[in-house]
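Notes to accompany the following structure.
Please treat every number below as a calculation from the coordinates, not as lab data. Here the structure is a predicted model, which is why all the values come from computation and not from measurement. Please note: Cβ atoms are built from the backbone with ideal geometry, for glycine as well, and neighbour counts cover all protein chains shown.
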Amino acid sequence: MQITRATDYAVRVTIHLATAPVSERVHGPTLARAIDAPESFVSKVLQQLVQAGLITSQRGMRGGFQLARRAEDISLLEVVEAIEGPTQINLCVPQGPNCDRKEWCGAHSVWVEAQEALVKVLAKASIAQLARDSMSNLAKLHHVLPAKRVESRASRKSTGA
């Protein structure tokens, strides 16, 4: 099982918007560059996130996109389901007459347990926490990279390169 590229982009977009100042709107092309994704694809993802009520859009010179609610109040599950639809690990998991074998199938209880675990993990992860984690990881990365660059410059000078 793998999430789609659209869902991956939706997660990246919402995390990026969570790092922007609350009153700031971010233009679509800027979001596409920030998440390293094709602008046309991101545009479609943004439309789906607007329809799901997770982000808002405003046209015009001062327009752009921003989160519709506080990042703390948006779960990763909401973002995933905005793009993928309701989380359903197998057709037999929802209640109702959708599988004739679910009453006696040995795997049914495993599918139910797996879905419950997946939903719980995704629902627990807030976009705010993911944004904080991303910023922290970026800060660590930038803290490490300049030192490596300095070392490589220093080693080039000493070797005459």
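Quick notes
- Counted by Cβ distance under 9 Å from A37, the other residues give a net charge of 0, where Lys and Arg count +1 and Asp and Glu count -1.
- Across every direction, the projection of the convex hull enclosing the Cα atoms of the range 1-74 has a mean area of 5.0 nm².
- 20 °C / 1.002 mPa s Stokes-Einstein diffusion coefficient of the chain, Kirkwood radius on C-alpha pairs, µm²/s: 116 µm²/s
- GNM top mover of D36, D133, D100 - the chain, alpha-carbon springs below 10 Å: D100
- Taking every alpha-carbon pair under 8 Å whose residues sit at least 6 apart, the chain reaches a relative contact order of 24 percent.
- A simple count of charges around A139, restricted to other residues whose Cβ falls under 14 Å of its Cβ and scoring Lys, Arg +1 and Asp, Glu -1, yields +1.
- Mean separation of Cα contacts under 8 Å, 6 or more apart, over the residue count of the range 5-85: relative contact order %: 38 percent
- For the chain, built as a Gaussian network whose Cα springs stay under 10 Å, the top-fluctuating residue of A20, A125, A107: A107
- Where no second cysteine Cβ lies under 4.7 Å, the cysteines concerned in the chain: C105
- Charge sum, other residues only, whose C-beta stays under 12 Å from T87's C-beta, Lys/Arg counted +1 and Asp/Glu -1: -3
- Within the chain, longest stretch clear of exposed trypsin sites (Lys or Arg not before Pro) (DSSP loop, no more than 10 other Cβ within 10 Å): 102-161
- Considering only Q47, Q95, Q129, the mean-square fluctuation computed in a Gaussian network model of the chain, springs between alpha carbons under 10 angstrom, is largest for Q95.
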